[in-house]
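> Following this message is one structure expressed as structure tokens.
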Amino acid sequence: MTGGSDAPGSRRWALASFVALTVVVTGGAVTLTEPFGTDSSNADAGFPPGTSADGVENVSRLVDAHRTALATAGTYRVEQRINASRPRGSPRPDRWKWNQTARHRFDVASPTPRFVQRRTVVRPDSRVQVEVFATPSVWYTRARPSDGEWNTGGKTRNLTAETFRAWALDHTLDASLSKFAFAYDGRSERGNATVYRFASSEYLGERRPGVRSLPNVVDDASATILVDERGLILGVDVRYAGTAVASVDGGERTVDVSVRYRRSFRTADGLTVAEPEWVTARRESVESSRERPRTRGRELHRALGAQKNVCAAWP
């Protein structure tokens, strides 16, 4: 957590730190590792939508193609990782992101689209697990700290299937990718697909995004994306280095921080996104607790009615 290997010495990151990246599929996740390899021999291969040999020319067009690929597949997996670090012994900034991994499964093809998430958040003294199941009409969540029991909650919602699908296909890629000027950095053949790499060390975003961001001030930022021929963004790796404010003993201290965000997307034909057993048990428990008072009320009403009839029959 603190003083990790990601902590920058000078907070100056060069593009060379990750210009050679590849796509590896492990357990449904796409990770960025070295080396990527060389360009394929097919020099005439077309580029993904919104991109060219000059780089990413139209982020919106690329993201639209990405969403189309997910919607066409109907079922897909998303993995997200956040790793934040600061020099060992330095105080934790007021705005902090604990190291965490989240794995999502989406089904947007079914008449009732659904979503399942499993997230693990790692703190210095605990590990919190969170699970989510959602449809247009329900949203169930349960959480468990490493030293406790599951705490389950649920709520109803009134969304249309189309509204839910639009949410499921929106992974805020427009906002994150538009902060960088991506240059084309090679391609490689992976099975029957061509994977294109685009990298950027030119940050176009706000250098002082504010106290609610980490870092509060961005000194350097870099990003790499891997895209297949359809425009599906297989992997996103974004790194920020800068400073954040920590409140200490009534004052403030500036702390060097670095944050790495990674996301991977993988389409999966026939992926099952079923309602978990814990959701079924929760729903049945709630429905049972609602039914019992009504049953008691009907029994009491019948008993009072019978008593009234008996009293009326008395002389």
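A short reminder: the numbers here are calculations on the coordinates, not readings from a lab. Because the structure is predicted, anything quoted here is derived from the model rather than measured.
> Which whole-Hz ³J(HN,Hα) couplings does the range 225-237 yield from phi under the Karplus relation 6.51 cos²θ - 1.76 cosθ + 1.60, θ = phi - 60°, glycine and proline marked x?
10, 10, 10, 8, 4, 6, x, 5, 7, 5, x, 10, 10
> Let me ask you something else. Amide H neighbours of G186 under 5 Å, at least 5 residues apart or on other chains, H built in the peptide plane: list them.
It is R197, by chain and number.
> Using the Karplus equation 6.51 cos²θ - 1.76 cosθ + 1.60 (θ = phi - 60°), what ³J(HN,Hα) coupling, rounded to whole Hz, does each residue of the range 239-248 give in order, writing x for Gly and Pro?
So the J values, rounded to whole Hz, are 10, 10, 10, x, 10, 9, 9, 10, 7, 9.
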